[in-house]
Amino acid sequence: RESGLPPGPPTLPVLGNTHQIPTKFAYLRFAEWCKQYGGIFSLKLTSQTIIVISCPRLIHDFMDERGGSMVDRPPSRIAEMTTNGVHMALARSGPLWKSLRRTALLLLNREACLQHMPIQQAEATQLMYDLLKQPEDFVEHIERATASIMLSTVFGVRTPRYSDSFASRFSSVQHKWQALLEPGVHLPVDIFSALEYIPERWASWKTISRDVRQQQRKLYYDLMNDCERRIGENRRNGCFLEDVIDQQGMLGLTTDMVAYLGGVCLEGGAGTAAISLQKFVLCISRYPDVQARAQKEIDDFIGFTRLPSIQDIEHLPYAQAVIKEVHRFYPIAPLAVPHFTTVDESIDGYFIPKGSVIFMNVYAVYHSEDSYEQPEVFMPERYLGSEFGTKPGADTTGFRSDFHFGNGRRICPGIHLANNAIIMNIMNLLWGFNFSIADKGSHDSPVPIQPEDFTPTKTVQMQHPAS
Ligand code: HEM
């Protein structure tokens with residue numbers, strides 16, 4: 001490790017810390033190192049410098065305030081080859097990313113997202129119906145609902161059944177795509193560029209990349225062409241891509257960029273919202289007192305004669321606190337998405353060289369004992385007396401309640417759409433169902449929740465109060 005870098009675990013020659021970084025649940029190891037080395041530490045992956053930050057003050061100073069030098073993504077040869085570099089979430093900074101980002105922000109703002117509420121409401125209602133009919137398949141029902149919300153708001157196509165063509169094609173290619181991007185699974189071509197020249201028979205990532213590329217492009221183009229056809233036939237339904245296509249020339253987007261912008265929104269929104277809802281179910285199944293209190297609040301305010309609507313959430317402080325606590329307890333992207341420095345920087349007396357990969361450890365921020373009372377307990381009440389849920393006297397400099405959406409100029413542009421989907425469905429589920437642990441545990445001795453033990457189909461059952 002070069003002098004001047006933030007501290008970190010001792011390195012080995014050549015390897016650096018490579019051998020110490022687990023390929024699964026790396027955020028847990030990073031959280032341990034954060035306790036040992038502080039809110040900012042460094043790692044070496046051979047010659048690559050990695051900086052991990054889990055102090056909100058430093059996250060704010062470094063990632064939000066110096067947005068320009070922190071806006072890039074690390075180079076990814078695999079992403080480049082698979083998507084032609086037009087995948088907005090993985091794209092390097094530059095004119096192409098700027099055009100995509102401008103478009104996403106323009107068309108996914110708070111007001112624009114409210115226009116999509118009727119479809120969100122319809123999907124949330126179908127989710128309740130599906131759960132009532134087949135509660136044992138709740139994982140799939142939630143995945144269908146969020147995939148359908150994203151497919152209809154982005155491309156204007158509903159998927160009323162899980163096996164529907166677009167939903168199942170998306171699910172199939174998305175699993176392969178995520179596996180392809182998993183760190184440590186394939187040869188580190190971004191660190192040792194010579195590895196790229198290894199013949200395909202010894203480099204399976206090349207075959208998988210070609211396969212994903214072909215399926216992904218076909219899917220996103222089919223969805224875009226479908227939308228264009230509807231526009232041509234005067235059968236608009238107000239989806240996001242119609243607006244993108246209308247403004248394509250003005251926004252300077254190529255056809256590839258339009259198709260992939262839709263696809264990236266689908267990728268960004270479908271899985272993340274589904275996991276949030278599944279984790280909500282897991283949490284309230286294991287904390288029945290929380291469930292009862294949230295249900296009472298909803299019953300008192302909404303009653304039994306109508307369904308919840310998005311506006312109700314303002315009057316439901318405890319439900320709001322439950323949603324914040326689900327994000328805190330189980331952040332979906334515990335290390336967010338890495339950024340990449342474009343110039344030499346310094347912070348808190350440390351030197352951060354140009355070309356460093358920067359991770360924000362959302363998990364460590366949200367589970368810090370310095371900031372939270374009993375961080376390993378699911379306790380929505382913490383948000384009732386404190387904006388960020390932090391304990392009395394905690395230093396809240398730089399704190400936010402939405403670290404799970406990333407930061408700086410790369411912060412998730414789908415925040416409003418995602419929040420609407422999560423709020424709407426959580427209100428409905430609390431209004432309509434009771435959730436409980438199915439196979440083990442009791443109210444007196446709740447099953448301890450580990451971040452890695454999420455096996456919902458086996459542990460949760462649900463029941464409609466009226467049944
Ligand atoms: C609970 C739901 C969601 C979570 C937790 C989430 C989280 C994130 C995170 C952590 C990032 C990286 C931010 C950074 O680099 O600092 C991100 C980026 C992104 N998200 Fe989301 N997201 C969610 C839903 C959505 C939805 C609904 C959409 C689309 C409508 C979306 C579209 C995107 C896009 C396009 C990017 C790339 C932004 C860029 O690189 O400039 N996300 N999201």
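Listed by first and then second residue, the pairs linking a residue in segment 67-78 that is closer than 17 Å to L335 by Cα to a residue that is near the ligand (Cβ under 10 Å from one of its atoms) and assigned to a helix (DSSP H, G or I), with Cβ atoms under 7 Å apart and 6 or more places separating them unless they lie on different chains, are M70/M63; M70/G408; V71/G408; V71/R409; V71/R410. Of the residues making up segment 128-162, those that are crowded, with 21+ Cβ neighbours inside 10 Å and farther than 28 Å from N225 by Cα are L131, F138. The set of residues from segment 21-36 being surrounded by fewer than 16 Cβ atoms within 10 Å (Cβ to Cβ) and not charged (D, E, K, R) comprises P22, T23, F25, Q36. Checking Y366, Y330 one by one, the residue that is under 30 Å from Q178 (Cβ atoms), within 16 Å of the ligand (Cβ to nearest atom), without any contact (Cβ under 8 Å) to a residue 40 or more places away in the chain and in contact with a helix residue (DSSP H, G or I) (Cβ under 8 Å, 6 or more places away or on another chain) is Y366 and no other.
Only a single criterion out of (1) within 16 Å of L219 (Cβ to Cβ); (2) within 16 Å of the ligand (Cβ to nearest atom); (3) more than 21 Å from the chain's Cα centre (by Cα) is not satisfied by D164, namely (2). Of note, T82 satisfies the criterion of being in contact (Cβ under 8 Å) with a residue 60 or more places away in the chain, of a type in the set (S, T, Y), touching a Lys or Arg at 6+ places or on another chain (Cβ under 6 Å) and more than 13 Å from the ligand (Cβ to nearest atom).
Kindly list, by first and then second residue, each pair from a residue in segment 337-350 that is among the charged types (D, E, K, R) to a residue that is within 16 Å of the ligand (Cβ to nearest atom), limited to pairs with Cβ atoms under 7 Å and residues at least 6 apart or on different chains. Cβ pairs passing all conditions: E345/R66; E345/S69; D348/L58. Would you confirm, using the coordinates I've provided, whether S93 is polar (S, T, N, Q), assigned to a helix (DSSP H, G or I), surrounded by 18 or more Cβ atoms within 10 Å (Cβ to Cβ) and within 22 Å of the chain's Cα centre (by Cα)? When the stated conditions are applied, S93 does not pass them. Checking F301, F280 one by one, the residue that is away from the ligand (no atom under 16 Å from the Cβ) and either in a helix (DSSP H, G or I) or modelled with pLDDT of 95 or more (or both) is F301 and no other. For segment 349-363: of the residues being over 14 Å from V52 (Cβ atoms) and in a loop (DSSP other than H, G, I, E, B), which is farthest from the ligand (Cβ to nearest atom)? Among those residues, the one meeting the criterion is G349. Answer with yes or no whether P392 is outside any helix (DSSP H, G or I), surrounded by 20 or more Cβ atoms within 10 Å (Cβ to Cβ) and either touching a residue at least 40 places away in the same chain (Cβ under 8 Å) or more than 13 Å from the ligand (Cβ to nearest atom) (or both). The answer is no for P392. If a residue must be out of contact with any helix residue (DSSP H, G or I) (no Cβ under 7 Å at 6 or more places or on another chain), assigned to a helix (DSSP H, G or I) and farther than 19 Å from K354 by Cα, how many such residues does segment 24-59 contain? Of the residues in segment 24-59, 9 are out of contact with any helix residue (DSSP H, G or I) (no Cβ under 7 Å at 6 or more places or on another chain), assigned to a helix (DSSP H, G or I) and farther than 19 Å from K354 by Cα.
For segment 5-19, the count of residues that are in contact with a strand residue (DSSP E or B) (Cβ under 8 Å, 6 or more places away or on another chain), surrounded by 22 or more Cβ atoms within 10 Å (Cβ to Cβ) and assigned to a loop (DSSP other than H, G, I, E, B) is at least one.
The values are calculated or read from the model by the stated rules, or taken from the named source; none is laboratory data. For clarity, every value in this text was computed on a predicted model and none was experimentally measured. Reconstructed Cβ throughout: ideal geometry from the backbone, glycine too, with neighbour counts over all protein chains shown.
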